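First comes the structure, then the notes that go with it.
The values are calculated or read from the model by the stated rules, or taken from the named source; none is laboratory data. Keep in mind the model is a prediction, meaning the values are calculated, not measured. With ideal geometry, Cβ positions are generated from the backbone for all residues, glycine too; neighbour counts draw on all protein chains shown. Accessible surface is based on the protein model in full, side chains and every heavy atom, while ligands, DNA and RNA are left aside. Shrake-Rupley method; radii C 1.70, N 1.55, O 1.52, S 1.80 Å.
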Amino acid sequence: MAYSQSSTGGSASIRGYLVQTLVALLDIAQAKPPFIKITLEPDHANDQFDYVWSDENGDYAVQVKSTINEFKKVAVEQWASKLESARKNEKCRLILVGNYETKLEKIPNIGAVELEKKNLDLAGLLDQAAHLIAKFIHAEKLELGNPSEHEMIAKALVTELEHYSTTRKPLSRDDFVALLRSWIRKAPRQKFTPDTDRILRYAPEKLIGREAELALLNEAWAKVQANANPRPHVMTFVALGGEGKTSLVAHWTTKQANQGWPGCDAAFAWSFYSQGTREQAAASSDLFLREALIYFGDTEMANSPQTAYDKAKRLVRL
């Protein structure tokens, strides 16, 4: 099968595509008969396919599309036509994740392209991925863990998949299973425990003013929780020293902590204080990278002799 990154309608649809893709890959990894070769985002067929794989019965190519809107029959027919034109001898499948027109309900295929329709249910897809991860871990005799950890691993694997899919590298079954094993081994397994004491200690007993800034933070976080598109990914407050930047953020962070960090998978806080010297700034940034990497699950990289640049790249991916 091959799965497409194509999605419309915001970050929820993108996550739906990625989680569905992970489910498919875990299925393929444990399929009988075993697959022979798999390629992520193959560069043939005009980039129509996302994954192609082969077993003793033939070759397969499937595209996944995900949307928070409604799939229209006309658009689906156009996609299927492109897939059919691009294929060689592969059996093609188009998976639609989301709502679709009633005209599509009883259509099992369009031409030589098989249709599969699924609801855009991120929680359900994550549950399915976590179940398949548990089966894979058991089959590969890895450390089993518990159901909540399996869901954390699923989320981590979605991120790994998003970055790896652009390599377009053919993999044998042994290589692919080894890749999955490596992703699972380095995935964080601890339950959500915020590491925010470094900022909470600066929270004022009472914050006077700053209503506009607090409203801005609350609005941004609400958009994140709602998977709004567009939404902020980074917020920066700029002011002179002593004007209350840290107090503002610490006050907002305290409120989130008191509410149990709603909608949050991880929370890490850091404060840099170098007193203007290059040596102290470098030491502070090195320490930050080490502590952040440990918190987000890669102790090996944190303690490695890799450069700060490489550590920062890994931190961004985590």
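Just a few scattered comments:
- In the context of the full set of protein chains, segment 59-162 has a per residue accessible area of 52 Å² (1.4 Å probe).
- Dimensions of segment 161-210 along the principal axes, based on C-alpha atoms and rounded to the nearest Å, stand at 61, 23, 13, largest first.
- Cα gyration tensor, the chain - rounded (a/c under 1.5), prolate or oblate: prolate
- Listed pairs Lys82/Lys186; Lys37/Lys313; Lys32/Lys313; Lys82/Lys141 exceeding 32 Å between Cα atoms: Lys82/Lys186; Lys32/Lys313; Lys82/Lys141
- Based on the Kirkwood approach, the hydrodynamic radius assigned to segment 97-210 is 18.1 Å, with every pair of different Cα atoms included.
- Folded to 0 to 90 degrees: helix 211-225 orientation relative to the chain principal axis, Cα: 20 degrees
- Against the chain, whose longest principal axis comes from its Cα atoms, helix 278-295 is set at around 50 degrees.
- Sulfur and carbon atoms: percent of accessible area, the chain [1.4 Å]: 51 percent
- Peptides ranked, highest mean first, by Cβ atoms within 10 Å: ranges 246-256, 205-215, 20-30: 20-30, 246-256, 205-215
- Alpha carbon centroid spacing (whole Å) that separates segment 171-206 from segment 49-94: 33 Å
- Cα gyration tensor category, rounded, prolate or oblate, for segment 23-171 with a/c compared to 1.5: oblate
- Over segment 192-318, Cα pairs under 8 Å with separation of 6+ residues give a relative contact order of 29 percent.
- Segment 193-256, accessible area per residue, ligands and nucleic acids excluded (1.4 Å, Å²): 69 Å²
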